[in-house]
Every structure is written in structure tokens, then in C-alpha cells.
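Reviewing the structure listed below.
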Amino acid sequence: MNARGMVRRAGLTLGVCLLAVTAYAQATATQTPAQQTYEPKVGQAGKDVVWVPTSQALVDKMLDMAKVTPQDFVMDLGSGDGRTVITAAKRGATAMGIEYNPEMVELSKKNAATANVTEKATFAKADLFETDLSKATVITMFLLPDINIKLRPKILNLKPGTRVVSNSFTMEDWEADQTETLTGDCTSWCTALLWIVPAKVDGTWSTPQGDLKLTQTFQKLAGTLGSNKVEGKMNGEQITLTAGKTVYTGKVNGTTIQGTVSTGGSWTATKK
């Protein structure tokens, strides 16, 4: 082969290689986010908070504290990579993640498919402040305190008995009903806090023992029963009141309360 032929062949080979490289670059550039592998970075910015994943150990602890069962509907606010939703679904619960980042939503769906829980675990690209939480029996979250406070009025209007679990951050003066901290290998974000949405009982109730006047501060109660001072606590729909040495327990059902007295017998109350 002469020199001219060799140059021509080399030029042809180089041209083919350049075309292949260009085609690959164009294909890569036009890939959609769903086709590319998305890898979230710890600390990456989000709409309301940066993303820091909850450790699997604390996810398990949070769901344990909420006593999640297959009868529950769990909503995770700011669901990130979907681990809390997926773990709840593995326990048989129906679970939904609310996440504003669409790439995180798609990643969560893939993770749920890998875990074979897509029938129980769903994810929505949504603003947590605009999301309807009324179906939830359990809410989980890892949000900053100011976000918790913004959500607090909405949470307090949920059905009494709804369980709310937070990774590390409080609801300020709404004290947690239970707090657990992991030890051992956990070095950061190791505390879970549980609240149970209380029934609203503030006001005056008519009872055979006299008027029951209650002032309610979240789950804590104070007031009078007739001429006797009472104090107590709500646990969802369950009410406990102590007047002297007598303890009244019962269940709140809207405008009525029915229960038992430690000295024997039953008691009722009707909202005035």
C-alpha cells in the first residue's frame, strides 16, 4: 500500500472514531435525569432543609416508638431517599413519602422497587406545608425546629391519637410524650421524640360530681372538679385526671367522656 493510501485509511479511521465519540457525548448530554444515576450528597440544599439521612437504626427506633402496624398509614415529611417509607412498608404499613426534590422522588421509587414494596410505598413530589395529612395515623420527620413549629397547628388538628415522631428536633413548648436516644455506634442525630396528638378538652364539662372545668396546654390538663383541684394528661383520646386521691380515667368521644373511677364505679362528662 502506498503512502497516500495509508494516510487515506488513517484519516477514515480517525473520522469514524470522532463520529463515535461525538455520538456518545450527544447521547449522554441528552439523557434525562431518570436515565442517569442520581446520587444525593449529604448536606445538599433543599426547599426547606438540607438533606441529612436518618440512620437506619434511628428509623427503626422511630417506627418502634410509634408502634407501627400493618393497619397504619405512615407519612414521612421530607422523605429524602425513601428509607423511612420503605422500612414502614416492610412492616406491612401503607406509607407515603412527601419530598419536594423530584430527583429524590424518583430515587425513592427505584429504592422501593428494589425492596419489592412498591404496592405499600409511594412517593409524591409535593410541598409539605400544602399536603393533606388527615389520612395519616403516623407522621415521621427530620426537619428543623422552625419547620416543626410551622407544622404544629396542622398536626394538632389531626385525629386524636395520631403519632408523630421526629429525629432530634423538638416542638418547642409542646413537650414530647416519649424520648429515646440510641447509644453504641450512633454518633450524631441519635434521638427520637414521640408526640401523640391529644383530643381537645379545654372548657367546661357537666358531670355527676359537679362541673369539670379544664384548661389544656397540649397534652397537659389543669382545672377543677366541683370545688376540688384537678390535674391530668391526655394520651390521644384517653384522659386521666387526679382529684386528691381519686383518679378518673376515660375516653373522649367528641363532646362526651366515659370512664371509670379509682374508688369504684364509672363517670361521664358532657361538654357544655
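The values are calculated or read from the model by the stated rules, or taken from the named source; none is laboratory data. In this text, all values refer to a predicted model and were calculated from it rather than measured experimentally. With ideal geometry, Cβ positions are generated from the backbone for all residues, glycine too; neighbour counts draw on all protein chains shown. Areas reflect the complete protein model, heavy atoms only, side chains present, ligands, DNA and RNA absent. Shrake-Rupley method; radii C 1.70, N 1.55, O 1.52, S 1.80 Å.
Annotations
- Where only C-alpha atoms are counted, convex hull volume of the stretch 38-168 per residue in Å³: 97
- For the stretch 171-232, the fraction of 1.4 Å probe accessible surface lying on carbon and sulfur atoms is 45 percent.
- Pairs from the list K41/K150; K125/K220; K150/K245; K220/K271 with a Cα-Cα gap above 30 Å: K125/K220; K150/K245.
- Projected label distance in nm at Y38 and A113, using a 7 Å step from Cα toward the beta-carbon: 1.3
- Accessible surface calculations at 1.4 Å, restricted to protein heavy atoms, place the stretch 120-262 at 50 Å² per residue.
- Extension gain from K271 to D64, taking 0.36 nm per residue of separation minus the Cα-Cα distance: 71.0 nm
- The calculated pair-distance distribution of the stretch 108-170 uses every alpha carbon pair, bins of 10 angstrom beginning at 0, and gives 18, 44, 31, 7 percent.
- Each pair of Cα atoms in the stretch 175-272 enters the Kirkwood radius, and Stokes-Einstein at 20 °C and 1.002 mPa s then converts it into a translational diffusion coefficient of 147 µm²/s.
- Computed FRET value (nearest 0.05) for D132 with Q71, which takes r as the C-beta separation and R₀ as 30 Å: 0.90
- For a modelled paramagnetic label at A124, 7 Å from Cα along Cα-to-Cβ, the residues of the stretch 86-102 in reach, with backbone nitrogen under 13 Å, are 95-100.
- Using a Förster distance of 22 Å, the FRET efficiency for K233-K213 (Cβ separation, nearest 0.05): 0.85
- Sparse packing (at most 13 other Cβ atoms within 10 Å of the Cβ) combined with a DSSP loop state is found for the following trypsin sites (Lys or Arg not before Pro) in the stretch 119-156: K135.
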